[in-house]
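Data block below; observations after.
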Amino acid sequence: MEIDLKNKTPDIRYLNDMKGVLFDQEWTKTAPNHELYYMYRGLEEKDNLRYDITVIPPRMLGEEFVKTKGHYHTEGRGELYIVLEGEAFFLMQQEENGKIIDAYCVKGKKGDYISIPGQYGHITINNSSQTLKMANWISKDCKSDYSKIEQKKGACYYYIKSGWVKNKNYKEVPEMRFEEPKKTMPDLNFLSLN
């Protein structure tokens, strides 16, 4: 789906919105409040689903690659991402009784589809030198909960210049596993189910 964003007004995520979830806390003390990424919400609607586009230019946040803030879905609903330009890591983590029981990453590039399971928190990392442009389909009823990620100062892993690093604010973090993206668009019915 091709949508012209020139006359659309995005929500902007600034560095000050992200400081609490970043790996390089020393760097955040003197870094200016840059615009980090742009979220265009509700560009299309279909069957109680919402279509959004997020644009993340390449940038280093100290030692860490630029990323989204990260959240869980309060209703336990899934989400589908489509990489429109660039490439990214999609990091998913599942929590049970305050403990991370699963963590995995999907590397997506242009044309790939990434399904986010309903019970998983997730972040997206632009680990390249290109602008990442991605779209998503999500239930219009779905709400984002950032608090669990904020409380732990980020997801269970950070992606920095030297690679994946476990977030020490979690008591236990399972070893990262990796999955492949989907090459064709799945049925969107899974987005409406609890």
With under 15 Å from V21 (Cα atoms) and assigned to a loop (DSSP other than H, G, I, E, B) as the only criterion, which of K153, K148, K171 stands out? K153
Restricting to region 1-24, and then to whatever is free of Cβ contacts under 8 Å to residues at least 40 places away in the same chain and within 22 Å of I125 (Cα to Cα), can you tell me which residue is farthest from the chain's Cα centre (by Cα)? N16
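Looking at region 100-156, which of its residues are of a type in the set (F, W, Y) and farther than 27 Å from G42 by Cβ?
Going through region 100-156, the residues of a type in the set (F, W, Y) turn out to be 104, 113, 120, 137, 146.
Of everything in region 100-156, just one residue is of a type in the set (F, W, Y) and farther than 27 Å from G42 by Cβ, namely Y104.
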Of all residues making up region 178-194, the number that are modelled with pLDDT of 95 or more and surrounded by 10 or more Cβ atoms within 10 Å (Cβ to Cβ): 4
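Considering only residues that are small (G, A, S) and either closer than 14 Å to M1 by Cα or part of a strand (DSSP E or B) (or both), which ones fall in region 20-60? Even if it seems obvious, please write down each step before you answer.
Restricting attention to region 20-60, the residues satisfying the condition of being small (G, A, S) are 20, 31, 42.
Within region 20-60, G42 is the sole residue that qualifies.
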Only residues in region 160-188 that are under 22 Å from I100 (Cβ atoms) and free of Cβ contacts under 8 Å to residues at least 40 places away in the same chain count as the first member; pair them with residues that are of a type in the set (S, T, N, Q) and outside any loop (DSSP other than H, G, I, E, B), Cβ under 9 angstrom, at least 6 apart or cross-chain, and list the lot. N169/Q151
Where K69 falls short, out of the listed (1) modelled with pLDDT of 95 or more; (2) part of a strand (DSSP E or B): (2)
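Within region 1-19, restricting attention to residues that are of a type outside the set (S, T, N, Q) and assigned to a helix (DSSP H, G or I), which residue is surrounded by the fewest Cβ atoms within 10 Å (Cβ to Cβ)?
The initial filter retains those residues of region 1-19 that are of a type outside the set (S, T, N, Q), namely 1-6, 8, 10-15, 17-19.
Subsequent filtering for residues that are assigned to a helix (DSSP H, G or I) retains 15, 17-19.
Values: L15: 17, D17: 14, M18: 22, K19: 16.
Applying the filter and picking the extreme gives D17.
Would you mind finding the one in S139, S144, S129 that is surrounded by fewer than 20 Cβ atoms within 10 Å (Cβ to Cβ) and either modelled with pLDDT under 95 or touching a His at 6+ places or on another chain (Cβ under 8 Å) (or both)? First the steps, then the outcome.
Details: S139 fails: surrounded by fewer than 20 Cβ atoms within 10 Å (Cβ to Cβ); S129 fails: either modelled with pLDDT under 95 or touching a His at 6+ places or on another chain (Cβ under 8 Å) (or both).
From the options S139, S144, S129, the qualifying one is S144.
Mind telling me which of the residues I100, I53 ends up being in contact with a Cys (Cβ under 8 Å, 6 or more places away or on another chain) and surrounded by fewer than 22 Cβ atoms within 10 Å (Cβ to Cβ)?
Numbers: I53 fails: in contact with a Cys (Cβ under 8 Å, 6 or more places away or on another chain).
The conditions single out I100.
The values are calculated or read from the model by the stated rules, or taken from the named source; none is laboratory data. Nothing here was measured: the structure is a model prediction, and the numbers come from that model. Using ideal geometry, Cβ is built from the backbone for each residue, glycine included, and neighbour counts are taken over all protein chains shown.
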